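The structure under discussion appears below in the form of structure tokens.
The values are calculated or read from the model by the stated rules, or taken from the named source; none is laboratory data. Computed from a predicted model, the values in this text were never measured in an experiment. Cβ atoms come from the backbone with ideal geometry, glycine included; neighbour counts cover every protein chain shown.
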Amino acid sequence: MFSNLPPVTKALLIANGLVFLLQQLLPETTFAAFMLWPPGSDGAFGVGGFLPWQVLTYGFMHGSMAHLFFNMLALLMFGAPLEHVWGNRRFLNYYLVCIVGAAVCQIGVGIWAMSSGQPPYPTVGASGGIFGLLLAYGMLFPNQRVMLLIPPIPMKARTLVIVYGVIELLLGVSGQQPGVAHFAHLGGMLFGWLMIRYWRGQPPFGGGGRKPPGPRIVR
């Protein structure tokens, strides 16, 4: 199955796996400059807080094997079908925009937390991009039935997107699951939604949406 994956999905799976392997082999200080730190923080391990490339590099690191496994499983499930539909370049652009969008939202949360007296903390993980893929899958294949792992409940993709979005919002607002970047997940979904609307020429990027051209008659 792995040999039949589209190239960008395969490359992302390999890249995330290799980076996680390096995280296990090398000291944590090696990766401190590539984690996402909020601007204005002193960081840790001698890192001077936020650095521009962190909005991308944080998305290729993970905090645990379970974190990596579930993200890569979702990338496999939702990323491959989307890449088949969109093509390699559009799929990669979409995924990276979701990663960066999640970083932007998480930076805002980090700045707010620091202003409230909380210490700065780094963010790692591909979850922002994964939640963006989940949203896109729900928009392109709304009636496709998918099976949750925990609990094993089948539901339509559109329903899955709504359920996960509501859960992330409630957990983020309530703060009941500290250490998880819920607003980064929502940021990945938000920027993914905006990008799809941009491609479709829909508000706020267009007047009222552009219908695709009808079929041509070849004589």
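What the table shows:
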| read-out | value |
| --- | --- |
| Residue in region 121-130 that is part of a helix (DSSP H, G or I) and either more than 13 Å from G59 (Cβ to Cβ) or in contact with a Lys or Arg (Cβ under 7 Å, 6 or more places away or on another chain) (or both) present | no |
| Test: M72 is modelled with pLDDT of 90 or more and either exposed (fewer than 12 other Cβ atoms within 10 Å of the Cβ) or over 13 Å from the mean Cα position of the chain (by Cα) (or both) | no |
| Some residue of region 6-16 being surrounded by 17 or more Cβ atoms within 10 Å (Cβ to Cβ) and in a loop (DSSP other than H, G, I, E, B) | yes |
| Hits in region 77-99 - residues which are surrounded by fewer than 17 Cβ atoms within 10 Å (Cβ to Cβ) and aliphatic (A, V, I, L, M) | M77, V85, L96 |
| Filtered residues of region 179-219 (kept if outside any loop (DSSP other than H, G, I, E, B) and modelled with pLDDT under 85) | H182 |
| Checklist (1) touching a Phe, Trp or Tyr at 6+ places or on another chain (Cβ under 8 Å); (2) more than 26 Å from M139 (Cβ to Cβ); (3) surrounded by 13 or more Cβ atoms within 10 Å (Cβ to Cβ) applied to F31, failing item | (1) |
| A102 touching a residue at least 60 places away in the same chain (Cβ under 8 Å) and either part of a helix (DSSP H, G or I) or buried (at least 16 other Cβ atoms within 10 Å of the Cβ) (or both) | yes |
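Residues are listed down the side, and each one gets a yes or a no for (1) assigned to a helix (DSSP H, G or I); (2) touching a residue at least 60 places away in the same chain (Cβ under 8 Å):
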position	(1), (2)
G49	no, yes
P52	no, no
Y58	yes, yes
L68	yes, no
M77	yes, yes
L82	yes, no
V85	yes, no
F91	yes, yes
Y94	yes, yes
